[in-house]
Amino acid sequence: MKIKLRTKLAVSYALLFMALLALSGVAVYRLMEVRLTADADDNLLDHLAGVWGYIEFRDGRPTLVYDKDDLNQKYFLREATRYYQIYDTANGALLLESEYSRELQEALDPDQVRALALHPGISTTKSQNVPVRFRSAVFHANGHAYLLRVGVVVEHELSDLADLRRVLLSLLPAATLIAVLAAWWMAGQGLRPVRDLEREARAISISELGRRLSDRGTGDELDSLANTFNRVLARLESSVGQMRNFADFMAHELRTPMTVLRGEAEVQLMRTDLSPEWRSHLESHIEEVDKLNSLINRFLLLAKAETGALKLEKHYVDLTRAASSAAKSLEPVARSIGVALTVDTAERVEVFADPQWLEEAILNLLDNALKFTPIGGQVRIVTRNEPDRAVVEISDTGRGISATDLPHIFEHSYRARDAEPQHRTPGGLGLALTKWIVDQHLGTIQVTSIPGEGSRFCVILPRMSNLQPDVRANSANSI
Ligand code: ADP
């Protein structure tokens, strides 16, 4: 499964945002918890000192002594310090406790008293559904050590924390949504220069290798990528230029000796004293030179097409007329090999095309159909208008194409593996050139074939009315 870079980036950003949000939530919660417990713990310290101040020992037993008419003292000992207990650390016995403490049934056993006497500390317990935070300390009196334990109710603190937890959790879906949206937006913004670069690079066709990607002047990695790409373009431009020159050179260097060879053979054929055997040799010689000439022409044409050196001149043309003209020029060939060539092109099928190239494409397909159809076979060419496209169809009752070869027939120099010896001459350029022509007209070629029964090549071109005005203008200028 292909995952887009934007999606990957957005997922990473979203995860990062969510981790940061979760971390902030936990930090806020912890901070609040520490503040609230620190306040309670400070209070407890005051209470420890305060309660011990009112303790007096009578007959060795601790008693709370205070002025019952003093509201402050009364409030402190009955309401503010609700829970207190005094233990004898020697035997763990509970010597004194407040009324509330008794109700809570929170008395410690001797082992717990001894442990607390060694390590006095703070703890929160929940008895009778009341959360109480206890703090203990060891005090000395009359040569004895006593454990004083005081507690405060921390119900408010805990409910404040619960409220905070609820608020944080209720914010979670909205925060997640915002994190995802922000991540998607940020990934899009981050990749925008890459997309701009891609758009620019896409617009550079083989015929416009002189164009370069713009330098944004930021000196960042993308600028460096653009510069590297520009250097590659420069090298490509130079190589393609050399190939074009080579194709021109070859065209000249090969055509001249071919013309000379053909001319000489024709001159020899004019001799009256030529034996029939020599005449036949020379005629076959001319035929081979013609084949070679046509092959060289195709090869050079394809080389030029592939290096962007060919220009198409498009106008409104009748596909039917191009098909009829191609059929007419191959009619003598069809007759000579005993194949019936039928043309079924009743209507006018208007397309926006270069008429010469269009005819060349149809000629290639017709030529193949005739070439691979045995004596007595049929080749049919049909043109028709379809709702949003124009179609030219060339079908034959020839040897067909195997399923293994079918996906490769438009490749440069591809030859079917079971090609007959007479078709195993170098080549395999016709369909590559045909595809190139169809591509230049923004069309497609579909092939269906049944080995032993025949093939059907369908060229589908956009109807001119479907082409956007700017596409028409562009195609008219160059390819
Ligand atoms: P060439 O005709 O020079 O061999 P093409 O590029 O025109 O090269 O065709 C490539 C191959 O596709 C041919 O060699 C042939 O095997 C196969 N082919 C093309 N058209 C047909 C057809 N109408 N019937 C059978 N095979 C075909």
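The values are calculated or read from the model by the stated rules, or taken from the named source; none is laboratory data. Everything quoted here is computed from the prediction, not taken from an experiment. Here Cβ is always computed from backbone atoms with ideal geometry, including for glycine, and neighbour counts include all displayed protein chains. Keep in mind that these areas ignore ligands, DNA and RNA; they rest on the heavy atoms of the full protein, side chains included. Shrake-Rupley method; radii C 1.70, N 1.55, O 1.52, S 1.80 Å.
Tell me what the chain gives for mean residue ellipticity at 222 nm when only DSSP H runs of n ≥ 4 count, each as -39,500 (n - 2.57), the sum divided by the residue total, rounded to 500 deg cm²/dmol. List each step's numbers first, then the result.
Working: 11 runs with 252 residues, N = 479.
Taken over the chain, the calculation gives -18500 deg cm²/dmol.
Based on Cα coordinates alone, diagonalise the gyration tensor for the range 49-131, multiply each eigenvalue by 5, take square roots, and list the semi-axes in whole Å, largest first.
Numbers: eigenvalues 99, 63, 24 Å².
After scaling each eigenvalue by five and taking roots: 22, 18, 11 Å.
List, in the order given, every pair from LYS4/LYS311; LYS328/LYS435; LYS314/LYS371; LYS311/LYS371; LYS74/LYS126 whose Cα-Cα distance in the structure shown is over 32 Å. The partial results should precede the final answer.
Numbers: LYS4/LYS311 37 Å; LYS328/LYS435 22 Å; LYS314/LYS371 30 Å; LYS311/LYS371 29 Å; LYS74/LYS126 26 Å.
With Cα atoms farther than 32 Å apart: LYS4/LYS311.
If you average 1/r over all unlike Cα pairs in the range 221-306 and invert the result, what Kirkwood radius do you get in angstrom? Show your work: numbers first, answer last.
Numbers: mean 1/r = 0.0619 Å⁻¹.
Computed over the range 221-306, the radius equals 16.1 Å.
Putting +1 on Lys and Arg Cβ atoms and -1 on Asp and Glu Cβ atoms, find which of ALA22, LEU300, THR125 reaches farthest to the positive end of the dipole of the chain.
LEU300
With label points built 7 Å along Cα→Cβ from the Cα atoms of LEU15 and SER170, find their separation and express it in nm.
3.2 nm
Based on the Cβ-Cβ distance from LYS311 to HIS412, what FRET efficiency comes out when R0 is 25 Å, to the nearest 0.05?
Working: r = 21 Å, r/R0 = 0.86.
Efficiency, from the Cβ-Cβ distance: 0.70.
In the range 5-160, if every C-alpha pair distance is counted and binned at 5 Å from zero, what percent goes to each bin?
Taking all Cα pairs of the range 5-160, the binned fractions are 2, 8, 15, 17, 16, 11, 7, 5, 4, 4, 3, 3, 2, 2, 1, 0, 0 percent.
Quick check: at a probe of 1.4 Å, how many percent of the accessible area of the range 5-160 sits on carbon and sulfur atoms?
Working: 5060 of 9240 Å².
In the range 5-160, the share of accessible area belonging to carbon and sulfur is 55 percent.
List every residue whose amide H lies under 5 Å from the amide H of ARG389, counting only residues 5 or more places away in sequence or on a different chain, with H placed 1.01 Å from N in the peptide plane.
ARG463
Could you state the accessible area per residue of the range 221-306 in Å², with a 1.4 Å probe and every protein chain left in place?
Details: 5890 Å² over 86 residues.
On a per-residue basis, the range 221-306 sits at 68 Å².
Relative to the present Cα-Cα distance, how much length would full extension add between THR256 and THR444 at 0.36 nm per residue of separation?
Details: separation 188, 0.36 × 188 = 67.68 nm, distance 3.65 nm.
Length gained between THR256 and THR444: 64.0 nm.
I need the calculated FRET efficiency for the pair ALA201 and GLN242, taking r as the beta carbon distance and R₀ as 22 Å, to the nearest 0.05.
Numbers: r = 23 Å, r/R0 = 1.03.
Step by step, r from the Cβ atoms, then E = 0.45.
Percent of accessible area on the range 164-228 owned by carbon and sulfur, 1.4 Å probe? Write out the running numbers ahead of the final one.
Values: 2840 of 4410 Å².
On the range 164-228, the fraction of accessible area on carbon and sulfur atoms equals 64 percent.
What accessible area per residue comes out for the range 1-98, rounded to a whole number of Å², with a 1.4 Å probe?
Details: 6330 Å² over 98 residues.
Solvent-accessible surface per residue comes out at 65 Å².
At SER284 and ILE337, where each label point lies 7 Å from the Cα along Cα→Cβ, what is the point-to-point distance in nanometres?
Each label point lies 7 Å from its Cα, and together they span 1.9 nm.
Pull out a ≥ b ≥ c, the square roots of the eigenvalues of the alpha-carbon gyration tensor of the range 181-223, then state rounded if a/c is under 1.5, prolate if not and a/b is larger than b/c, and oblate in the remaining case. The partial results should precede the final answer.
Numbers: a/c = 5.21, a/b = 1.93, b/c = 2.70.
Cα axes put the range 181-223 in the oblate bin.
Once the Cβ-Cβ distance between VAL26 and ASN72 is put in as r, and R0 is 51 Å, what FRET efficiency do you end up with, to the nearest 0.05? Intermediate values should be presented prior to the final figure.
On the way: r = 42 Å, r/R0 = 0.82.
About 0.75, to the nearest 0.05.
Would you work out if the chain is rounded, prolate or oblate? Take a ≥ b ≥ c from the square roots of the eigenvalues of the alpha-carbon gyration tensor; rounded if a/c is under 1.5, else prolate when a/b is larger than b/c, oblate otherwise. Before the final figure, lay out each step's value.
Values: a/c = 4.83, a/b = 4.37, b/c = 1.10.
In terms of gyration-tensor shape, prolate.
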